[in-house]
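Shown next, in structure tokens, is the structure this report addresses.
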Amino acid sequence: MIEAMLLLILVGGCALLWQASLRARDRAVHASRHLCTQAGVQFLDQSVSLRRIALVRLRSGQFALRRHYSFEVSTDGSNRHPGSLQFDGDRLENFSLPLRADDPALASAARLH
């Protein structure tokens, strides 16, 4: 009887972990799509890939899972560039996207040199 309960608890825990992972991936896809739209680049394949996961301690002292996702974007419709996201728990902490050749930020950086 106890073995059956332990097995049920283990299966239930795995199901909850799987569901949490799917929700985190959905948040990453949504954030990637939104960031690409704002940056004026094309979000390719409409998917993200989990690259790393680690347990971290947040500034608040709580523990959370840090998830690193990667995806691909195109700046002109014919090329592919990497993009990335970092979530600490449910919060987007960091991201990386390429700049388009006509991006004003790139032009202002070129004037600095």
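The values are calculated or read from the model by the stated rules, or taken from the named source; none is laboratory data. Computed from a prediction, not measured in an experiment: that's the story for all the values here. Ideal geometry is used to build each Cβ from the backbone, glycine not excepted, and the neighbour counts take in all protein chains shown.
Can we say residue 43 is surrounded by 12 or more Cβ atoms within 10 Å (Cβ to Cβ) and of a type in the set (Phe, Trp, Tyr)?
yes
Could you pull out the residue among 85, 99, 58, 65 that is modelled with pLDDT of 95 or more, aliphatic (A, V, I, L, M) and surrounded by 12 or more Cβ atoms within 10 Å (Cβ to Cβ)?
85
Filter region 68-79 down to the residues that are over 20 Å from residue 34 (Cβ atoms) and surrounded by 12 or more Cβ atoms within 10 Å (Cβ to Cβ) and list them by number.
Listed by number, the list holds a single entry, 79.
Tally time: how many residues in region 45-98 are assigned to a loop (DSSP other than H, G, I, E, B) and hydroxyl-bearing (Ser, Thr, Tyr)?
Residues in region 45-98 being assigned to a loop (DSSP other than H, G, I, E, B) and hydroxyl-bearing (Ser, Thr, Tyr): 4 in total.
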